[in-house]
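Coordinate-derived values only; no laboratory data. Predicted model only: the values in this text are computed from it and were never measured. Positions of Cβ are generated from backbone atoms using ideal geometry, with glycine treated the same way; all protein chains shown enter the neighbour counts.
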Amino acid sequence: MTGKKEDNFTIVLIADNFDPHFAPVTSTTPWGKWHLADIQLLDLALDWISLINAPNVPNILIVSATLTAADLAEFERRWAFNFQSFRGIHCEGCENVGSIMREILARRLLPENSEFLLIENLATFCSSGLVQQIERFRNGRKKDKSCVMSMMYSRQISGEPRFVGFETESHKLLTYQGSKDSPVNEYDALQEMFTVGSTIRSDLAPCGIVICSAEVLLAFSDNYDFETFDQVVSEFLVNADVLQQTIHVDILPEDVVAFTATDYGSLLRAQRLLVHRWCYPLTYDKLPARVFPEQIPLRYHRNHVYVPRDEEGPSNAEGTVLGKWSSIAESAVLVDVTLGRGACIGPGVKLRSVIAGDDFVVGDGCTIDGAVIGDNVEIGAGCKIGAKTVIGPNVKIPPGTKITSNSVVMDSHAPADENDIESTLENGYYLWKLLDEPSGYFWRRSQSFSRARRERHASSHSRSSLQHSISMESPDQAPHDVILDTDGAFAHFFSEIKDILNNTFESENLDNADVINKLKIEINGSKITNNISQEDVARGVFAAFLTLPPFSDRHVSAVQSVIAQFKQIWLNYYAPRGQQLQLLRALEEAALERDGVRNLMPHILLQLYQVADDDIDLEGAINEWHDELPADSVLRPLLEGFIDWLNQDDESSEEEEDA
């Protein structure tokens, strides 16, 4: 306990979003209280942040200009016991990240000369506790105080054309491209790249997590023009020869998923990754009950659907999260959709890649593909909402309306103090335009935005200069949103594993430990190549296993034998409950598709249970999966005898222990 108390390492979390592109969201709701289904964004962030170790349980400092003291106290009530100390600080009047950082320094909210982990965007998620990364930076600082920052990079998932350059051996940052801005080089960096070993990577992106020394705070305090974190990174690079301070690039391992959502497109991608369990253990069904209204958590259903535990999931949805009291018509189709409580989706509606708030009502026959929508929105029958649309709260769209792509639809004009936005009244609602974007679009930040905004706000620049500036990039040149083909990646992984398993089976050397070890290596290699989640690995491996000849031949003895021979695979991939459930869902899908597997189901489950023995607790997963089967499932009668035996066996074991 003494070590924990002495460790002053702190996680600094900025709970605001100062990007004007998100004004349609943040003008009515603080960023930290914005919802995904029934979960506030700050709760979602704190769930994975609570797993960070440094290596002891760290302190956390949440700083916000938009969350009130009462809001922060409520979050403290829910999360304080997960941290060594929990502080929520309201900073009145702060308008950007720079002013927040200066406030932290002025109030002495961090111990002097302390190191801290900075997360400047709540919509940042990671599957790792980052112990190795934090220790590497802190140990490195003991040897070399000139390294003031470690920027974490992960595999590029946003599709944005950025790159990073660093010294190959030391990982010292040489050139950096931040959020949509032009790349910044260290002084004489290009020459240095030819004289020292260097690496240029375009397949990586900063994931929004940075470990900092106190010098980072001082950099903000020394220059009041700094508003963003990228500006401080540029300062260290451009003046490296004067400051004698360096930045380290820490590339996260392939099995760690980390990403930050910086625009609406990446927010939809982040939601898809969370729903498809890429960021495990951060999943919707593992969130604590205390973050939900009425403390009713979400339950995972097949097809990556999550609904409140006391409700049934719809059969016409995939990759979907529903809040309480949702009503979905049977003929509607939902793919990659997140809805708040009280949603009412009419017949024939098609929703794809949509995040919507509470009390979302959609009339018959509407189509929405790629949108972020606020609370209490009503869309009349027969409407067509174009892609990349943002709809604010309380908007009512009349039946038959067509909303063009890249629209922002609000129920009122822009706030009086918001001079970056123009609004026009149309058909009972307001259309907003962002002044410094080439076509007024909010969806994605263009490369010319920062420059255009600076020039418009600078009195020394003429209007003609502005017009020239913002015409540099046309909408047609903007990069397209990338839709991650997780289904395609899984299909490719499944095909590869099926071939690998068949080759292994035909080798007839399944009792050889080297053969099984080679199989593990090939499975792991395919996982990395196809970049799929660990739970998809569990589902895909067992689905491929069920294609082996014994399951087609329907020979019970052969099935029992091959399950036993693959025991080390089960022990390696199916120890966690989540992976066990994926195994059972793969079995369920195969049984519904193939009579041979269906008839063998009780034998397969019995053999798995017996082979796992005390090494894996399958009983709980089997009962949980069986309870989730639809009441009219054709599998229930086949499983009745096995489930009765399983539970009787458990009761007998308890009686023996009592005796």
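Details
- Within the range 2-260: Cβ-based charge dipole about Cα centre, in debye rounded to nearest 20 (Lys, Arg +1; Asp, Glu -1): 700
- Within the chain, helix-based [θ] at 222 nm, where runs of 4 or more DSSP H residues each add -39,500 (n - 2.57), nearest 500: -11500 deg cm²/dmol
- Extension gain (nm, one decimal) between R201 and N113, 0.36 nm per residue minus Cα-Cα: 28.4 nm
- Using the average count of surrounding beta-carbon atoms within 10 Å as a protection proxy, the listed peptides 625-631, 390-396 rank, highest first, as 390-396, 625-631.
- Relative to its Kirkwood radius, the Cα radius of gyration of the range 2-260 gives an Rg/Rh of 0.95.
- Per-residue HN-Hα couplings for the range 514-525 [Karplus 6.51, -1.76, 1.60; θ = phi - 60°; Hz; x = Gly/Pro]: 5, 5, 5, 5, 5, 4, 4, 4, 5, 5, 5, x
- Out of every Cα-Cα pair that the range 196-343 contains, those further apart than 17 angstrom amount to 72 percent.
- Helix 264-275 axis versus longest C-alpha principal axis of the chain: approximately 20°, rounded to the nearest ten.
- Around the Cα centre of the range 486-658, unit charges on the Cβ atoms of Lys, Arg, Asp and Glu (plus for the first two, minus for the last two) sum to a dipole of about 1160 debye.
- Counting only Cβ charges, +1 for Lys and Arg and -1 for Asp and Glu, the dipole size of the chain around its Cα centre is about 1820 debye.
- Cα-based helix-to-principal-axis angle, 229-238 vs the chain, degrees rounded to 10: 70
- Among (i) 16, 38, 28, 12, 5, 1; (ii) 17, 47, 31, 5, 0; (iii) 15, 35, 35, 14, 1, the entry that matches P(r) over Cα pairs in 20 Å bins from 0, in percent as calculated here: (ii)
- Rounded D (µm²/s) - the range 486-658, Kirkwood Rh over Cα pairs, Stokes-Einstein at 25 °C, 0.890 mPa s: 147
- Straight-distance crosslink candidates among lysines, where the alpha carbon sits under 19 Å from K33 and sequence neighbours closer than 8 are dropped: K324
- Our estimate of slack between D617 and E74, defined as 0.36 nm per intervening residue step minus the Cα-Cα distance, is 191.8 nm.
- Nearest 10 degrees, 0 to 90: helix 618-628 Cα axis against the chain principal axis: 80
- Exposure proxy order (Cβ contacts within 10 Å, fewest to most) of F642, F81, F494, F116: F81, F642, F494, F116
- Taking amide H as placed 1.01 Å from N in the peptide plane, D364 has its amide H under 5 Å from the amide H of A381, G382, each at least 5 places away in sequence or on another chain.
- Applying a threshold of 24 Å to the alpha-carbon distances of K286/K498; K350/K498; K143/K172; K172/K520 flags K286/K498; K350/K498; K172/K520 as lying beyond it.
- Each of G525, A73, N509 was placed along the dipole of the chain (beta-carbon charges, centred on the mean Cα), and the one lying farthest toward the positive end is A73.
- Pair A106, K286: separation of 7 Å Cα→Cβ label points (nm): 4.1
- Legend: P(r) of the range 25-83 from all alpha carbon pair distances, 10 Å bins from 0, whole percents, reading 20, 53, 23, 3.
- Our summary of shape: the Cα atoms of the range 47-145 have principal axis extents of 39, 28, 22 Å, ordered from largest down, in whole angstrom.
- All aspartates and glutamates inside 13 Å of K396 as judged from Cα atoms, apart from same-chain residues fewer than 8 positions distant: D359, D375, E378, D411, E426
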